[in-house]
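Let me begin by presenting the structure, written as C-alpha cells, before commenting on it.
The values are calculated or read from the model by the stated rules, or taken from the named source; none is laboratory data. Being a predicted model, the structure only gives us computed values, none of them experimental. All Cβ positions, even for glycine, are placed from backbone atoms using ideal geometry, and neighbour counts span all protein chains on display.
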Amino acid sequence: MSEPKTESLFEAPPMAEQERMVEAILFATADPVTVTDLIGRMPHGSDPAEALVHLRKRYSGRGVNVVKVGDAWAIRTAPDLGFLMQKEIVETRKLSRAAIETLAIVAYHQPVTRAEIEEIRGVSVSRGTIDQLIEMEWIRLGRRKMSPGRPVTFVVTQGFLDHFGLESARDLPGLKELRAAGLLENRPPPGTTQLGGDDEDNDDSQSELFEE
Amino acid sequence: MSEPKTESLFEAPPMAEQERMVEAILFATADPVTVTDLIGRMPHGSDPAEALVHLRKRYSGRGVNVVKVGDAWAIRTAPDLGFLMQKEIVETRKLSRAAIETLAIVAYHQPVTRAEIEEIRGVSVSRGTIDQLIEMEWIRLGRRKMSPGRPVTFVVTQGFLDHFGLESARDLPGLKELRAAGLLENRPPPGTTQLGGDDEDNDDSQSELFEE
Amino acid sequence: MTDDFEQDTFSVTDRLAAEALIVDVGAFEGPLDLLLTLSRTQKVDLRQISILALAEQYLAFVEQAKALRLELAADYLVMAAWLAFLKSRLLLPPDPTEDGPSGEELAAHLAFQLERLQAMREVAAKLMGRDQKGRDFFARGITEDVMRVRTVSYTASLLDLMQGYARIRTRDDFRPFVLDRAEVMTMEQALERMRHLIGFAGEWTDIMSYLPDGWQADPMRRRSTTAATFAASLELAKEGKIEIRQGDMFAPIHIRKKTPRHE
C-alpha cells in the first residue's frame, strides 16, 4: 500500500517536463532564480541544472535568452532588440564619476576596504557614494578583512551582475589584462614595513614622509 | 515564408526576426500588447499578426504560452504549471480537544448521531467541529438511523483508519486495554466492568459497515 | 620653485593647458586625478612617464594657483610637499647614511598608482558601456509572485484519540468522593460488635482477636477493621466498660472487661 505511494512521491518528472517547469518559473519573475530555489519549487527529484542546459540551448538566438547571473538564472530580452523597448526604459539616476569609479574599483578589487578604494582613487570616498551604490543594490558588505582594525569590505552583488549582464565577476571586461599587468595588486607604498594593505601603517609612513 | 503584404520603402525584417521581436516585446512589456501597439513598435512593414501565429505555435506545449487577453497578447504561465507559482506553507496544528473527543466518539460508537455524540460528551457539539472532521476526511455521513426523525449518522473513513494505522475501527482498544496500557489512571465506577451494554450493538453495526 | 619652472622646457601650449587646469581645479577628484591629467600633457605612455617632470608640473601648478590666490584643498598641498621631497630625492645623489626607500622606488610607486587609477577609469568606462538591464536588455514585464499558500494541517495521534475517549468515558469517575463502604468498617460497627463480645472478656485478650472473621486476609479490610476496633475499645474504656494495656511500644494491645469487683 505504501510502496507505490513512495515511488510516485520520489519519481522526478521527465526532463522535458522539468524544462517546462524551469521555463515557467524563470518567466514568472524579474529577478534571477538560483538552482537551489528551483529545486525547492520543483517536484522532488528534479534536476533543474540539467533542465537549464536544455532550456538555454532552446532559447539561444531567440528574442529572449536564458542567462546566468552569478549562481542564479534569468530570462532577459536579447540585447540587440533593446531598440524595441523604448517604452520600457526606466530612467535611472545618473551616477557621478566618483560613484562609477568606486563601483569599478569594488568590482575589480573585491573584497575591498574603503581605505583601499581611497588609496586607488587618491581621494577620500564620500559616505554618500558608498550609500548610493548600496542602495542601488550594486554593492554590499563583504567579510571583514583580517588586518588590524578588521575593516569592513565591499563586494558587488548579484544585482550588479544582472544589471551589466555578467555571468560572474570573473567576466568583468579587461579583468585578465589588469591582473596580468599587476594593476589589481594591493602594492604597499615603498618604505612600509608590512605587506598587505595595512592602512594604518600606510597613513603613518605617509605622515612621516610629509614631515619636513 | 509569406508574401509581403504592403509595399514599402523599407524592407520589413525577415519573419523569423519579427517573431523574435514580438517575443521580446511580449516578454518585457508590463501589460498585454495589442497588434496595433506591436505594429507601432516594430520596424515599418512588419506583420506582427503573422509573427504572433508563429510564436504562438512555438510556445504551444511549453512552460509558458502566448495567450490572447481581450484584444491584446501576453506570455503567461501554462495553466498546468500554476502550482509552481505557489509556495505551500503547511502548518501543522494539533486537533482541538473537542474535535478529538468527537472523533473518538464517532470511532468507538459509529454509526452515531449528533445527538448521541452530545449525550456522550455531555456538551453540545459545534457545527464547526463536525465540519472540520468531515473536511479532513476523517469522518463522513453514514446511513440514516431508523429512529424517529431518521437522523443522519457519522462514521469514520478509510482515511481515518490510514492516518491512525488501523485496519478497522474495531481495532481501537477498549477501556480495559487503555487502562492496562496505563492510559487511564482513574478507577472505573464500581460495578462497571466493561464499556457498557451498547458496545456489542456497535460492534455489530461496525462489522456491518466495514463488510460492505 | 617658480624659477625652476621658468627654466623648464615646457611649451607655451603646455603652459596654457596648465593654466586652464588651474581654473578648473574644482573639477578634479583629488591630487592623483590632477597628476593623471597633467601626465597626459607629456603625451607618452604612462609607463614611460617622467615622474620628475610630472612632479615639477604639479609644483608649478600649485605655485600658479597660489599666485592666482586660489584656495587649494589641503590634500593638494600635502601632495605638493611630498612631490617636492620626491624631486629632491630624485635629483640629489643618494645619501648612504639615510634609511628608507630611494627616490626611484617612490617614483615607481607613484607611477604604479597613476597607472592603476588610469586602468580603473578605463574599465569603469567599459563597464558603463556594456549592455545594461533596463536600457539595452529587459527583464520580465509581467511578473508573477510566488503565492504563499498557508495550509493548516491538523493532526492527532492514536494516543490523543484514545486518551480523548478515555477522558469522556471515565469522566463519571471524577464524582465527589464517597467512601467505598464495602471495604471499610466504621467505629460504630466495631463498637456494636465489641459490646456484644466484651461480656466474655474476663481475662486480658489481644485486641486483634476481636477482628471479625473474613477481615484479616485483605490488607485494606484488616487495616480498616483494626482501626475501627481500636477506636471502639477506646470508646468502651472511656465508658468504663473495659481496661486497656500495652506492655511496650508496638507490643500487642490487650483489653479485658472491667468489673466493679476489681475497683
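All conditions in (1) in contact with a helix residue (DSSP H, G or I) (Cβ under 7 Å, 6 or more places away or on another chain); (2) within 14 Å of chain A (Cβ to nearest Cβ) hold for C:M187, with the sole exception of (2). Select from region C:167-181 the residues that are at the interface with another protein chain (Cβ under 8 Å from one of its Cβ atoms) and assigned to a helix (DSSP H, G or I) and write down the one among them that is modelled with the lowest pLDDT. Step by step, filter region C:167-181, then rank; the result is C:F174. When each of A:A99, A:A74, A:A107 is tested for being in contact (Cβ under 8 Å) with a residue 40 or more places away in the chain and in a helix (DSSP H, G or I), the lone residue that passes is A:A107. Taking region C:125-166 on its own, how many of its residues are more than 7 Å from every other protein chain (Cβ to nearest Cβ), surrounded by 13 or more Cβ atoms within 10 Å (Cβ to Cβ) and closer than 30 Å to B:P173 by Cβ? Qualifying residue count, region C:125-166: 1.
Within region A:17-33, does at least one residue satisfy the condition of being more than 30 Å from A:V155 (Cβ to Cβ), more than 12 Å from chain B (Cβ to nearest Cβ) and either at pLDDT 95 or above or over 21 Å from the mean Cα position of the chain (by Cα) (or both)?
First, the residues of region A:17-33 that are more than 30 Å from A:V155 (Cβ to Cβ): A:17-21, A:23-24.
Those still in the list that are more than 12 Å from chain B (Cβ to nearest Cβ) too: none.
Among the residues of region A:17-33, not one is more than 30 Å from A:V155 (Cβ to Cβ), more than 12 Å from chain B (Cβ to nearest Cβ) and either at pLDDT 95 or above or over 21 Å from the mean Cα position of the chain (by Cα) (or both), which makes the answer no.
Selection of region A:124-179 for residues being without any contact (Cβ under 8 Å) to a residue 12 or more places away in the chain and over 19 Å from the mean Cα position of the chain (by Cα) yields A:S124, A:R127, A:G128, A:M146, A:R150, A:E177. Going by the structure shown, is B:R93 within 14 Å of chain A (Cβ to nearest Cβ) and either surrounded by 12 or more Cβ atoms within 10 Å (Cβ to Cβ) or free of Cβ contacts under 8 Å to residues at least 24 places away in the same chain (or both)? Considered against the rule, which asks whether it is within 14 Å of chain A (Cβ to nearest Cβ) and either surrounded by 12 or more Cβ atoms within 10 Å (Cβ to Cβ) or free of Cβ contacts under 8 Å to residues at least 24 places away in the same chain (or both), B:R93 comes out as no.
For (1) over 30 Å from A:E19 (Cβ atoms); (2) assigned to a helix (DSSP H, G or I); (3) facing chain A (nearest Cβ under 9 Å), each residue gets a yes or a no:
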residue	(1), (2), (3)
B:H54	no, yes, no
B:L81	no, yes, yes
B:L84	no, yes, yes
B:E116	yes, yes, no
B:E119	yes, yes, no
B:S124	yes, no, no
B:Q132	yes, yes, no
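Here are C:E104, C:E122, C:E115: which of them is facing chain A (nearest Cβ under 10 Å), more than 18 Å from C:P31 (Cα to Cα), touching a residue at least 12 places away in the same chain (Cβ under 8 Å) and among the charged types (D, E, K, R)?
On the way: C:E122 fails: touching a residue at least 12 places away in the same chain (Cβ under 8 Å); C:E115 fails: more than 18 Å from C:P31 (Cα to Cα).
Selected residue: C:E104, the only one of C:E104, C:E122, C:E115 that is facing chain A (nearest Cβ under 10 Å), more than 18 Å from C:P31 (Cα to Cα), touching a residue at least 12 places away in the same chain (Cβ under 8 Å) and among the charged types (D, E, K, R).
Evaluated against (1) in contact with a helix residue (DSSP H, G or I) (Cβ under 9 Å, 6 or more places away or on another chain); (2) outside any helix (DSSP H, G or I), A:V90 falls short on exactly one condition, (1).
Of all residues in region B:32-46, those that are within 13 Å of B:G70 (Cα to Cα) have Cβ atoms under 9 Å from Cβ atoms of residues that are part of a loop (DSSP other than H, G, I, E, B) and not polar (S, T, N, Q), 6 or more apart or on another chain, in B:P32/B:G70; B:P32/B:D71; B:P32/C:I142; B:T34/B:G70; B:T34/B:D71; B:V35/B:D71. Scanning region B:154-166 for residues that are more than 10 Å from every other protein chain (Cβ to nearest Cβ) and touching a Leu at 6+ places or on another chain (Cβ under 7 Å) returns B:F154, B:V155. Every test in (1) farther than 21 Å from C:K133 by Cα; (2) part of a strand (DSSP E or B); (3) of a type in the set (K, R) is passed by A:R140 save one, and that test is (1).
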